[in-house]
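In what follows, a structure is listed as structure tokens, so that the remarks can point back to it.
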């Protein structure tokens, strides 16, 4: 849900012992109290080395494994559970295989929050750049697929600028107008990519997807780029994607829709990605409505494994505590966990997304005058 996304975005990196990373060293050397401040030579030497390390442009900015666990990073709440996540994805297939109909179906389900087959959908605003269509064709297509039951959260455009020539600014403006947008479909990639002599080099393909990926990651949205496949067969089906391997190499994942024969009403949807498991789905085309129906999957989807600690927290808050604040030691005792408080905090730092996405519980850890304080809040859905 969009509420969850907003909640997750507010998390700030904090340490398991709630010590904030070094930020800015004050130039005010006059103590605020009458207590004299004394630094040992060893302490002063460590401080100067830390300043040098932070300011030396030739040093790599590294993080130890312990420091990594001591920080909280917002996760990527799915748009469609187990199917589509924030990031940049390719959706490839041969011309006239039914890609645009699949995009219309996907966009409609996400904009309305209706399940896609047996996949749970999180409703949000959707922008669909149907750059190979016109509004009359879109009207006919959507009417045939879904009747006259419209959606105020699905927005279409049939003309857009190209990359490097104003597309970024157009998308930025749309996101300001519709801040709950989490899915943008560009149909097709070829319509927005810059024209140049180096169009099909690996470096150029990688750069194009890289620029789109930075935009998607910055705004925590999904960019779904419709693209074509080559005619010649390949050992790896995903090598059929038109262009070089730079496209798939930089993308967060890809969907490949293909048929054995062009006249077939059934098709195979192959899915690979960083945030979801690889899947092979068998689909059937409804010739009357032109929507894609789920037939079967090559393998059963694995159930997500939830850490028992999160279930304990959920039960604890279910007892009437929609908001709890206290120290890590207090929470450890309340939950009956036989682990050190700092280890509990580190686990929650890592599992913060699961806690929010699965149980609608927002976790924060911050330092105040009394030490480290953890807050757990049941988020309204």
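Key figures for this structure:
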read-out: Sorted by Cβ density within 10 Å, fewest first, the residues 108, 89; value: 108, 89
read-out: Modelled FRET efficiency - R0 56 Å, residue 202 with residue 48, Cβ distances, 0.05 increments; value: 0.80
read-out: Length released on extending from residue 96 to residue 119, taking residue separation times 0.36 nm less the Cα-Cα span; value: 5.7 nm
read-out: Fully extended contour minus Cα-Cα distance, from residue 350 to residue 333, at 0.36 nm per residue; value: 4.1 nm
read-out: Estimated FRET transfer efficiency (residue 343, residue 61; beta-carbon r; R0 30 Å; 0.05); value: 0.70
read-out: Burial ranking of peptide ranges 251-257, 314-320, 51-57 (average Cβ count within 10 Å, highest at the top); value: 251-257, 314-320, 51-57
read-out: Values of log10 I(q)/I(0), in the order q = 0.14, 0.15, 0.18, 0.23 Å⁻¹, for segment 80-134 under a Debye, Cα-only, solvent-free model; value: -0.40, -0.46, -0.67, -1.04
read-out: Whole-angstrom gap from segment 163-231 to segment 284-298, using each part's C-alpha centre; value: 28 Å
read-out: Long-range Cα-Cα pairs in segment 232-311 (distance over 21 Å), rounded percent; value: 44 percent
read-out: log₁₀ of I(q)/I(0) at q = 0.10, 0.11 Å⁻¹ - the chain, Debye sum with one point per alpha carbon; value: -0.79, -0.92
read-out: Label point at residue 294 placed 7 Å out along Cα→Cβ; residues across segment 257-275 whose backbone nitrogen lies under 19 Å; value: 257-258, 266-273, 275
read-out: Residue 180-residue 307 FRET efficiency (beta carbon distance; Förster radius 35 Å; 0.05 resolution); value: 0.75
read-out: Scattering profile of segment 87-297 at q = 0.09, 0.18 Å⁻¹ [log10 I(q)/I(0), Debye over alpha-carbon scatterers]; value: -0.33, -1.50
read-out: Share antiparallel - DSSP beta bridges, the chain, percent rounded to 5; value: 55 percent
read-out: Rounded to 10°, Cα long-axis angle of helix 308-318 versus longest principal axis of the chain; value: 80 degrees
read-out: Centroid-to-centroid separation of segment 305-342 and segment 124-157 [C-alpha atoms, Å]; value: 46 Å
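Coordinate-derived values only; no laboratory data. The structure presented is a predicted model; accordingly, all values stated were derived computationally and were not measured. Note that we place each Cβ from the backbone using ideal geometry, even for glycine, and neighbour counts take in every protein chain shown.
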